[in-house]
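The values are calculated or read from the model by the stated rules, or taken from the named source; none is laboratory data. For clarity, every value in this text was computed on a predicted model and none was experimentally measured. Note that each Cβ is placed from the backbone with ideal geometry, even for glycine, and that neighbours are counted across all protein chains shown. We work out accessible area using only protein heavy atoms, side chains counted, and drop any ligands, DNA or RNA first. Shrake-Rupley method; radii C 1.70, N 1.55, O 1.52, S 1.80 Å.
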Amino acid sequence: MVGGRGPFPHVPKSESRPEFSVTPLDLDALFGSLRRFPDVEAANLQAHDATDRFLLETAAGYVTGPETRVAVIGDRYGALTLGALAVLGVGHVRVSQDLYTGRLALQRNAEAAGLSGRLEQLGLGAALLDGAEVVLLQLPKALAELEEIADAVARFAAPGAVLLAGGRVKHMSLGMNAVLEQSFGSVQPQLAQRKSRILVATQRKAVPAEPPFPVSEENSELGITVCAHGAAFSGTRLDIGTRFLLGFLDRLPDARHAIDLGCGTGILATMYAKSRPGTHITATDQSAAAVASARATAAANGLASRITVVQDDAMSTFDAGSADLILLNPPFHLGASVHAGAALKMFEAAARVLEPGGELWTVYNSHLQYRPALERLIGPTTEEGRNPKFTVTRSVRR
Ligand SMILES: C[S@@+](CC[C@H](N)C(=O)[O-])C[C@H]1O[C@@H](n2cnc3c(N)ncnc32)[C@H](O)[C@@H]1O
């Protein structure tokens, strides 16, 4: 890492910073070279967006030279991190990304650009933010995730730090300003450009002694404690699709190795572990926040030794034929758009990781009609239950 973690230079105001500038050509060349791989790639999906560009252009007003301590949060595929290094001239960048595929994409893009030695990939916390003077953030969708991020920046960043939080205008809400105002004395929305807006947060406030996340809550319906970081699906609440699938707990087979695929806070893994004392369970999710939440949930219920939690993209690192049961409440959103591809990718992964005769139990919105895909990709599929909204199916790996 560049520099120590001791006193840091004063960050000048944007007006006094003429040395570094972003030329569109520099950014165009960088952005043009970025790939989303191993995330889904398609002609209509890009590895950067207008918010990345706007954030970097705005950051140019705060970066004073290679020594400026820059942290990046929520970079999708590396546009912000590599832009700060290659275009703004920052010497070293610390970066936190929630998604596994985003982390791999950044590594690959950094290697291709010859910049991998100048960045550090870290979780959201002290190591990422300690002494940071400029923090670039792609605003998350969930306010709870923003609250956790804002608290961490206020808690660990340099006293004079500036948080530049950008997003697409259509995905932003006034609630975001209010959340940032809990941790910062000044939150200034900038004029929108190219349908993106930046909130400039400064004057960090005193933080509570304990970080607000993970949140823990007793679920009396399930008889377990659920723990959730801000970005975890559904927070500590029980999703209604998950509730419907849990209604079939007694009918699930007794597995040797069961997997909770796309585990979120780990409710399915925890409930299955409680009902089958002999089984080892792996809970896996692409989201770092989900994985940390599932680990905390397992520990809070005394099941840490029986539930292994792994961050991965659709079990890419799991051995073929290594499980005899997979439980799945699949996602049906890819970014902001509805995209069945995310669920199909999970079904394909389940087909690979299940042993012949192994079972995939899944719940989905009935209108999605996944059954033909399950039949094709996994094997014979029966409808085990249906209510006005959801269908639960059992697919036996052929
Ligand atoms: C509908 S949520 C279900 C969460 C949890 N199982 C529950 O029932 O509350 C779907 C989960 O799948 C995860 N996910 C989406 N795509 C994934 C992928 N390619 N690999 C692993 N996890 C993924 C999401 O992060 C999310 O936590």
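So here's what we get for this one:
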{"read-out": "Cβ-defined net charge surrounding A351, 13 Å radius [Lys, Arg +1; Asp, Glu -1]", "value": "+1"}
{"read-out": "Nearest-10 value in Å² for the accessible area of H171, using the 1.4 Å probe", "value": "100"}
{"read-out": "0 to 90° range, to nearest 10: angle between helix 50-59 axis and the chain longest Cα axis", "value": "40"}
{"read-out": "Global geometry of the chain, whether rounded, prolate or oblate, following the gyration tensor of its Cα atoms and the 1.5 cut on a/c", "value": "prolate"}
{"read-out": "Only Lys, Arg (+1) and Asp, Glu (-1) charged, at Cβ; the chain dipole about Cα centre in debye", "value": "440"}
{"read-out": "Highest to lowest packing among 94-101, 213-220, scored as the average C-beta count within 10 Å", "value": "94-101, 213-220"}
{"read-out": "The stretch 43-63-the stretch 120-167 distance, computed between alpha-carbon centres (Å)", "value": "17"}
{"read-out": "The chain: angle of helix 24-33 to the longest principal axis, Cα-based, in degrees nearest 10", "value": "20"}
{"read-out": "Residues with amide H under 5 Å from that of G358, placed H, sequence gap 5 or more", "value": "R397"}
{"read-out": "Amide hydrogen neighbours beyond the local backbone of S196, cut-off 5 Å, H modeled", "value": "V169"}
{"read-out": "Full-stretch length increase - E221, N365 - with 0.36 nm per residue and alpha-carbon distance subtracted", "value": "49.6 nm"}
{"read-out": "The chain - share of DSSP beta bridges that are antiparallel (%, nearest 5)", "value": "50"}
{"read-out": "Accessible area of the chain divided out per residue, in Å², using a probe of 1.4 angstrom", "value": "43"}
{"read-out": "Beta bridge orientation in the stretch 14-204: antiparallel %, DSSP, nearest 5", "value": "45"}
{"read-out": "Order by protection proxy (mean Cβ within 10 Å, highest first), peptides 266-273, 149-156, 123-130", "value": "266-273, 149-156, 123-130"}
{"read-out": "The stretch 199-242-the stretch 302-331 distance, computed between alpha-carbon centres (Å)", "value": "23"}
{"read-out": "Charge context of T279, other residues only, Cβ under 14 angstrom, K/R +1, D/E -1", "value": "0"}
{"read-out": "Sulfur and carbon atoms: percent of accessible area, the chain [1.4 Å]", "value": "54"}
